[in-house]
Each structure stands twice: as C-alpha cells, then as structure tokens.
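**Student:** Just dropping this structure here.
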Amino acid sequence: MASDEELELQEKDMEAYVTVSRYLLLAEAEMACTALESAGIDAVVADAEANVVMGYLGGMGGVRLQVKKKDADAARELLSEAVADEESADDDSE
C-alpha cells in the first residue's frame with residue numbers, strides 16, 4: 001500500500017497532465033497514445049479502468065488521452081495531423 005507521501009506525489013504528478021483528446025473506444029485512445037509515445041511524448045490513457053468495467057463510455061465522455069502540460073501543443077498538432085492523414089487516405093480509396 002502506498003504511503004501518504006507517495007500518494008501526494010502521484011497526485012501532484014497527475015496535475016501536470018492535461019487532456020488533449022477524448023475517445024469513445026479504448027482501442028482508439030491506446031493507438032493515439034502509442035503514436036504520441038513513438039514521437040517522444042509521454043502520454044497516458046485516463047479512465048481506462050472504467051471503460052473495461054462499463055464496456056462503453058460514450059455517455060460519460062469516453063476515455064481521456066493526457067500528456068504533460070508542456071507537451072500539449074505538440075501532442076494536439078501530431079494528433080490533428082494523424083486525423084488529416086487518415087481522412088486523406090479515406091478520400092483516396094473512394
């Protein structure tokens with residue numbers, strides 16, 4: 001069991017994270033998290049445990065993809081580029 005000091009440090013560390021995107025499906029959030037991490041951005045999927053228990057969190061806002069505050073702009077840019085690339089690939093296949 002974690003000590004009070006360890007819990008306090010964990011809370012402070014989580015305060016340094018901000019949400020950069022939300023996903024209805026856990027798998028989508030995990031893929032985006034992997035993409036960010038492969039680009040050197042520390043990322044975490046928040047609310048994953050609730051998604052496993054409830055199965056689908058669309059009505060609750062889905063799962064959150066979070067990064068350190070200092071990396072938020074770069075993460076959002078990378079994610080928006082990934083979405084644009086995916087949409088472009090979809091257009092090319094039609």
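The values are calculated or read from the model by the stated rules, or taken from the named source; none is laboratory data. Owing to the predicted nature of the structure, the values given are computational and were not obtained by experimental measurement. Quick reminder, even Gly has a Cβ in these numbers, built from the backbone with ideal geometry, and neighbours come from all protein chains shown.
**Student:** Regarding VAL63, is this residue modelled with pLDDT of 65 or more, under 15 Å from the mean Cα position of the chain (by Cα), under 13 Å from GLU30 (Cβ atoms) and of a type in the set (Val, Ile, Thr)?
**Tutor:** Yes.
**Student:** Filter segment 32-59 for residues that are modelled with pLDDT under 90 and surrounded by 13 or more Cβ atoms within 10 Å (Cβ to Cβ) and give the result.
**Tutor:** Across segment 32-59, the qualifying residues are ALA46, ASP47, ALA48, ALA50, ASN51, LEU57.
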